[in-house]
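Written below as structure tokens is the structure these notes are about.
The values are calculated or read from the model by the stated rules, or taken from the named source; none is laboratory data. It should be emphasised that the depicted structure is a prediction, and the values quoted were computed from it without experimental measurement. Neighbour counts are summed over all protein chains in view; Cβ atoms, including those assigned to glycine, are modelled from backbone coordinates with ideal geometry.
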């Protein structure tokens, strides 16, 4: 490789043009051919080094992004301590908290609920906080409003499960039926869901998700680390175990 670089510098030395002003037309055809040959030789001999360098650089950037996201997640978790009565299930005195950002029309969120149920069944020291993140259209926003209203009326997780388990559109007719099925007062719920502050909660949820770097659903914060996308119960439990060890 050193020999190749010396040869390249020799070609440049043969030109009479100042180095900083050299352009392609300043080389003869023979010089261009030699430069190409030397460059090809350099790539052939050092291709693996270049690839490793690029990979290392990308890994460094990814780690910096992870650290920054973790820092934001930590601040977000801390901010939750000042909020009263968030939609949640599990142990209120849990030693590990899971936060899920979700959309009712997200198929992977539906699968994620199955995994969460498995974790809750096996581990009674976990709490799950649910953050509505309706990004899949107006129907998702409407379902989120009904969900937050159900929370205010004391039957959040029952309604949450009913909506997630429902096969079919999450339209007003079905949301009404699901609310009745879990024992909610539909007339009161309709008034509650249309309150202005519920839309403000949804807007805040979306902003906070973007600030953390969660751009799709589902998205999880477990302990103080962000886990984008669907996560299986076994992996969630592994992270919970590691989180406990780190305390």
With the requirement that a residue be more than 19 Å from residue 224 (Cβ to Cβ) and in contact with a strand residue (DSSP E or B) (Cβ under 7 Å, 6 or more places away or on another chain), what does the range 80-116 give you?
87, 89, 92, 102, 109, 112
Boolean, residue 202 is over 29 Å from residue 247 (Cβ atoms) and surrounded by 14 or more Cβ atoms within 10 Å (Cβ to Cβ):
yes
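Any idea which of 158, 100, 115, 176 is touching a helix residue (DSSP H, G or I) at 6+ places or on another chain (Cβ under 8 Å) and free of Cβ contacts under 8 Å to residues at least 24 places away in the same chain?
Details: 158 fails: free of Cβ contacts under 8 Å to residues at least 24 places away in the same chain; 100 fails: free of Cβ contacts under 8 Å to residues at least 24 places away in the same chain; 115 fails: free of Cβ contacts under 8 Å to residues at least 24 places away in the same chain.
Going through 158, 100, 115, 176 in turn, just one is touching a helix residue (DSSP H, G or I) at 6+ places or on another chain (Cβ under 8 Å) and free of Cβ contacts under 8 Å to residues at least 24 places away in the same chain: 176.
Quick check: anything in the range 40-52 touching a helix residue (DSSP H, G or I) at 6+ places or on another chain (Cβ under 8 Å), under 30 Å from residue 243 (Cα atoms), modelled with pLDDT of 70 or more and not assigned by TED's automatic domain parsing to the domain that holds residue 99? Quick ask: steps written out before the conclusion?
Initially, the range 40-52 is screened for residues touching a helix residue (DSSP H, G or I) at 6+ places or on another chain (Cβ under 8 Å), giving 41-43, 45, 50.
Keeping just the survivors that are under 30 Å from residue 243 (Cα atoms) gives none.
Checking the range 40-52: not a single residue is touching a helix residue (DSSP H, G or I) at 6+ places or on another chain (Cβ under 8 Å), under 30 Å from residue 243 (Cα atoms), modelled with pLDDT of 70 or more and not assigned by TED's automatic domain parsing to the domain that holds residue 99.
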Only one of these is modelled with pLDDT of 95 or more, in contact with a helix residue (DSSP H, G or I) (Cβ under 7 Å, 6 or more places away or on another chain) and more than 28 Å from residue 243 (Cα to Cα): 145, 188. Name it.
145
Starting from the range 67-95, keep only residues that are under 14 Å from residue 128 (Cα atoms), then list their pairs with residues that are part of a loop (DSSP other than H, G, I, E, B) and modelled with pLDDT of 85 or more whose Cβ atoms are within a distance under 7 Å, requiring at least 6 positions of separation or different chains.
80/86; 91/124; 91/125; 94/125; 95/125
